Structures are given as C-alpha cells and as structure tokens.
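Here is the structure we will look at, set down as structure tokens.
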Amino acid sequence: MRSSAALSLPSLLLKFFLSAPDCRSTGFVLLRRAATPGTPSAWGGGEVPSRSSAARSARRRSPLTVATAAAEEGPSSSAAAIGDEWDRAMEEAASKQKSSAVFLISDSTGVTLKAVLQKSLAQFQACGGEETASWGRNAVPPCEGDEEEGDVGGCEVQTRMFNFVRSEAAVAAIVKKASERGAMIMYTMADPVLSQQTSRMCELSGVPATDLLGPTLNQLSDLLGRAPAGVPGLANRHAALQDSYFRRIEAVEFTLKADDGRSPWLLKDADAVIVGVSRTGKTPLSVVLSQTMGLRVANVPLVLECPPPKELLDSEPGGVDPKRVFCLTINPNELKRIRTTRLERRNVKEMEEKFDKSLTGEGERRSNYADRNYLLRDLKSARALAVSNGWTEIDVTGRAVEETASLISEILNERFMGDTAPLY
C-alpha cells in the first residue's frame, strides 16, 4: 500500500478516480460497471458488499468518507464496490429530502385538510412545518422551483397549502411540482369531476394521494339517493346563515365580557363557569367552548390571597348552579414550568436579579409566583373551594384545550339535557 501522508485530500480523491482500473471519471461523476455481490475484492480485504449490507453501510458513512477511505487504500480497491456505496449514500440523502413533504390541495380554505393532517401526524409523534405558500382563486401556482422554501422549524414533515384551487390547470401544476419533490398529496374537492381529475393525474404521475372528501360524498349520495351539489365552500355559506352561527357570536361576546373575573353579575347567566388558579388555561378553554359549541362561558381566577366573588358562591335559587362550575387542576410540576416560562418571557426574573441586592438583599426572591411551596398552597386552596362548594374538578395536565372542552360539553349534556342550548 502506498503512503498518502504527503498528499492533500483533493489530490488523493483526484488521483484515486483517475487511476482506478474499474471506473472512468468525468468531473466527479462515476461511470461504473455492476459488481456481483459476494465476489472477492481488495476493498477492506473481504468481499464486495451485498445490496443490504451496502445500504446499511451507506447510512453510517457519507460519500466523502467513502471516497477518502478508498483514496487511502489506493487504486487496487474495487471501484465497483466503492461506487455502489457512493451511489447508495447519495440516494439515501436524496430520499430523505423528498419523502418528508406533504402538499395540501383544497378548493376552499383548507381548514379540514390541516386539521386531519395534524391529528394524523400526532399518531406518529411527528410535527408538520408551517405552510410555505397559499395561492389565490383559480390561480396557477408557480412550479419552477424558484419559490422560497419555508423553514420547517425542526419538524419531520414540511407542508405546503394550496387553497382555492378550482381549475384543472392549477391541479396539474401542483401535481407536477409534487412529483419533482417526491411529495405526498392530500386533497378535498367538492366538485366530483375535478376530484376525479386530481386522482387520475396523481396516479399517472406516480404521486401518492389521499382524497379526504370524495369517499364520504359517495357514501352519503348512496344513502340519501341524490347527487351532491359539488359547490366549493358551501359549508361556510350555510354556516353563516344558520341560527347556530348567531348563537356562537353572542356566546363569544358574553365570554369576552365575563373573562378573568370581570362582570361577576353575569355568572348566573352563564352556561358554564370555569375557575382555577393562574395558568391553568381558563381563557382559551372558555373561548373554545363559546366559539365552537355556542356556550356562554365565564371564568374566574382563584387567588390564594383574595376571596372569590360572592356571586360565585351564591348557590341560592337564581344564583350560580354548582353543577355548572368546573374547577381546573394541574400537576404542580407542570404548573411550575408554565409559570416559570411566563416570568422569563416577561423578563421578570431578569429584573429581579437586577434589583435584588438593592431592594431585598442578596439571594432573596421577590416573586413567589413560580415558587413550588406557594403554588402547592394555591392548588390546595382551589381544591378546598371546589370540594366545599360542590364544583366539578377537571385535571388538565397533558390535555389539549379541545379535549377538555369536549369533556365539559358532555358533562353538561348529561346534566342539563333540556336546559342547555344546542351545542352546534
């Protein structure tokens, strides 16, 4: 074996590619002959790697590592085996880049598509990056690859939304781009003709595609005995004309007025009252209940140093029904993490450190908001109020806001089937 200590890495690579007997090089593109797996080789003193072993090796070794090792071995190495590892490493890198994109095509807003994709990715403990583009009505999106790619923020799947797509030309351009990127397509088309065209284009282009709306429309058509209207965005138009739409608007207005303990005289008129210590998600939960389910919701913070409003504790006829009051609880460790994060984002800790010595003495903490002993007493006080007043406790640790909202609506339906307004 020749000594290569005196040669630089570029010189080693060039010398190897030009002197290897089994391959010729134009630039750095190898033209190799096929190697038979299992045949003897000077590469590493063993045999030419099989396809499975080469693939495993390519995952562990980059193309540069393979070429460098080969240059050090000298021209007696098997170029076919080296080229096989090189090609497989490059194919592996290319497949990783192409397999993580999902194109969403909708003839309307695309809300359904995004919701289904998010819930599906959650089953794989994966996340989807932000959409990088959204195109107007009947517009043909650019598909020359010159648009800027969005940052996926460390997520495994990058999504691209194409909404208000209502022409065959627009679909064809998107499918072409998906084929070039190796992306998967998910689509919702109310027009059955355009839906079939999309399916056909994806099939001919070899692009994996999922129709989220078509099968449901076909089943309903058989059940109802008539064809669907096939008009995009029809659900949004109908929703704006229904009584439930105006009921939700009124519920949201009520919730905003009764948010965070304001307007305590409205508590008796609420369909649900949410109470809990700070940072348990009372306001987001109230908004979801009012906006999606049409419930008038009030929320009241429970603070250790302050008694709750007297209207909340009034269970006399005409007052607040304890069966409508829900007390949110949470794991102390999770609560401490959330409160600490809030203090950091508001630069409270930084200000405390700045004025610590001058105002309170060295090492003394001025805020007990995220102190574990304080929040334990805070949670204990809230639970004692819930027990003494007959409120329903709900642990929100690890729960999504929508999950908690569904649980509360189910409880209300069971308790007040005839008293509560329709939820949808």
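Brief remarks follow.
- Full-extension gain in nm, S221 to D260, via 0.36 nm per residue minus C-alpha separation: 9.3 nm
- Annotation: for a label point projected 7 angstrom from Cα along Cα→Cβ of E344, residues of segment 275-308 with backbone N closer than 19 Å are 279-280.
- Label point at K380 placed 7 Å out along Cα→Cβ; residues across segment 319-347 whose backbone nitrogen lies under 17 Å: 330-333, 336
- The order of M201, M293, M351 by accessible area, most exposed first and with a 1.4 Å probe, is M351, M201, M293.
- Summed side-chain charge close to K268 - residues other than K268 whose Cβ falls under 9 Å, Lys, Arg +1, Asp, Glu -1: -4
- Using alpha carbons only: equivalent-ellipsoid semi-axes of segment 171-212, gyration tensor based, whole Å: 16, 10, 8
- Computed over segment 264-338, the alpha-carbon pair-distance distribution with 5 angstrom bins reads 3, 16, 25, 24, 18, 10, 4, 1, 0, each value a whole percent.
- Q118 paired with F416, simple spin-label distance in nm, labels 7 Å along Cα-to-beta-carbon: 2.8 nm
- The modelled label-to-label distance between N368 and E253, using points 7 Å beyond Cα along the C-beta direction, is 4.3 nm.
- Electrostatic tally near M186: other residues with Cβ closer than 10 Å to its Cβ, Lys and Arg +1, Asp and Glu -1, net 0.
- Of the trypsin sites (Lys or Arg not before Pro) found in segment 183-274, those in coil by DSSP whose Cβ has at most 16 other Cβ atoms within 10 Å are R226, R262.
- Pairwise label distance in nanometres, A235 with E403, each label 7 Å out on the Cα-Cβ vector: 2.3 nm
- Using a probe of 1.4 Å, the accessible surface attributed to T283 totals some 60 Å² when neighbouring protein chains are kept in position.
The values are calculated or read from the model by the stated rules, or taken from the named source; none is laboratory data. Remember, predicted model here, so these are calculated numbers, not experimental data. Cβ coordinates were reconstructed from backbone atoms using ideal geometry, including for glycine residues, and neighbour counts include every protein chain displayed. Areas reflect the complete protein model, heavy atoms only, side chains present, ligands, DNA and RNA absent. Shrake-Rupley method; radii C 1.70, N 1.55, O 1.52, S 1.80 Å.
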